[in-house]
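Participant: Dumping the structure here so I can ask a few things about it.
The numbers here are math on the coordinates, done by the rules we state, and not lab data. From a predicted model like this one, the values you see are computed outputs, not experimental measurements. Please note: Cβ atoms are built from the backbone with ideal geometry, for glycine as well, and neighbour counts cover all protein chains shown.
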Amino acid sequence: MSGTEDRLRIALQKSGRLSERSLELMREAGLRVMKGANDLLYRIENHPIDVLRVRDDDITTFVADGVCDLGIIGLNVLEEHAARRNGPRPEVVMPLGFGRCALKIAVPNEAGWPGPGALAGRRIATSYPGVLQAWLRDQAVEAEVVELHGAVEVAPRLKVAHAICDLVSTGATLEANGLKPVETVLESEAVLVRAPGGVPQRHAHLADILTDRLRGVVASQGTKYIMLNAPRSSLEEITRLLPGAGSPTITPLAGKEDAVAVHAVCQENVFWETLEGLKGAGASAILVLPIEKMMM
């Protein structure tokens, strides 16, 4: 066996909202990404890994067909691909915590909304006809799906459709076009996927190492390490105030029988209000540090 068969292959988005963050995630996992002879193929300098940078639809196809072992794709694209295609689909390994958005039904601001039944007999414009049709079946609603590949939000204004089903992150585009979201069809974010049935045995160990690293990177996002001193009598209250900390590490302070040091990994945001609450409970010398790496 030689050439590319010796190398694990990962498919990433070439351009778009997930592209740069996907590459950054690879680097945070300790992969030294080197651009190849063209923009399609990047190579990992310190591991036998190739990165293929392709279109969204090609990522799902390459991974489903086993051309690539792993891929990073939006769940919305994965679900649309599965809805349109018979046969094996890529397996979701883990969510990656970025690229969050939602596929939502939106209608003109002046329209009433008694529920999904209001769509019966109506035209709905979308770039995700497969996902939308599956949702309509679940709602027992018969409606006409109009597939568009861009500018979906202007469809009601142009009388192309009565409603739309489109990706929403901030809602600003809907607001600018006189639309309001009324139903969520799918919650989406970037996910790591692998070939159906798993990665081939020759690449399995490397894939496991990479997956563990990515899991650690994702776990450390927004995670903080908190250190503080506290009287023993305040431990219960301070532990309650630590956001998402689980069981903190408690160690005695030298020369102070009634005081301890508290160390905790907090997996939720630590706000100034949190620190003020800790101080009010008796904590002192509070330090909040970012966590660069974490092995789960």
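Participant: Got the relative contact order for the chain handy, in percent, Cα pairs under 8 Å and 6 or more residues apart?
Facilitator: Details: 574 pairs, mean separation 54.0, N = 296.
Averaging sequence separation for qualifying contacts and normalising by length gives 18 percent for the chain.
Participant: Could I have the simple spin-label model distance between LEU287 and VAL67, label points 7 Å from Cα toward Cβ, reported in nm to one decimal?
Facilitator: 5.1
Participant: Which GluC sites (Glu not before Pro) does region 73-152 hold that lie in a coil by DSSP with at most 10 other beta carbons within 10 Å?
Facilitator: GLU110
Participant: Excluding GLY66 itself, what net charge comes from residues whose Cβ is under 11 Å from its Cβ, given Lys and Arg +1 and Asp and Glu -1? It would help to have the intermediate numbers written out before the result.
Facilitator: On the way: positive: ARG9, ARG194; negative: ASP65, ASP69.
Value of the local net charge: 0.
Participant: For mean projected area of the Cα convex hull in nm², pick the label among (1) 13.5; (2) 21.1; (3) 16.7 that corresponds to the value derived from the coordinates.
Facilitator: The listed entry that was calculated here is (2).
Participant: Let me ask something else. Tell me, what is the FRET efficiency for GLU187 and MET94 to the nearest 0.05, using R0 = 25 angstrom and their Cβ-Cβ distance as r? Walk me through the numbers before you get to the answer.
Facilitator: On the way: r = 16 Å, r/R0 = 0.62.
Calculated transfer efficiency: 0.95.
Participant: Given 0.36 nm per residue, what is the gain on full extension from ALA172 to ASN109 after removing their alpha carbon distance, in nm?
Facilitator: Values: separation 63, 0.36 × 63 = 22.68 nm, distance 1.35 nm.
Fully extending the segment from ALA172 to ASN109 adds 21.3 nm.
Participant: Between GLU24 and ARG85, how many nm apart are label points set 7 Å from Cα along the C-beta direction?
Facilitator: Between GLU24 and ARG85, the label points sit 2.9 nm apart.
Participant: Taking Cα centroids, how far is region 60-135 from region 251-289 in Å?
Facilitator: Cα centroid of region 60-135 versus Cα centroid of region 251-289: 44 Å apart.
Participant: Then there is this: From the backbone phi of region 273-283, what are the Karplus-calculated ³J(HN,Hα) couplings (6.51 cos²θ - 1.76 cosθ + 1.60, θ = phi - 60°) in whole Hz, Gly and Pro given as x?
Facilitator: 4, 5, 5, 5, x, 4, 4, x, 7, x, 6
Participant: Taking a cut-off of 16 Å between Cα atoms, list the lysines near LYS35, but don't count ones fewer than 8 places away on the same chain.
Facilitator: Cross-link targets: LYS14.
Participant: For LYS104, go through the lysines and keep the ones whose alpha-carbon is under 24 Å away, minus same-chain ones fewer than eight residues off.
Facilitator: Excluding near neighbours in sequence, the set is LYS159, LYS180.
Participant: Express in nm, to one decimal, how much length is gained between VAL160 and GLU144 on full extension, taking 0.36 nm for each residue of separation and deducting their alpha carbon distance.
Facilitator: On the way: separation 16, 0.36 × 16 = 5.76 nm, distance 1.13 nm.
Contour length minus the Cα-Cα distance gives 4.6 nm.
Participant: Length gain on complete extension for the stretch ILE250 to ALA151, per 0.36 nm per residue less the alpha carbon to alpha carbon distance? Don't skip to the end; give the middle numbers.
Facilitator: On the way: separation 99, 0.36 × 99 = 35.64 nm, distance 5.62 nm.
Full extension from ILE250 to ALA151 adds 30.0 nm.
Participant: Name the residues of region 111-138 whose amide N is less than 19 Å from a point 7 angstrom out from the Cα of LYS180 along the C-beta direction?
Facilitator: Correct set: 111-120.
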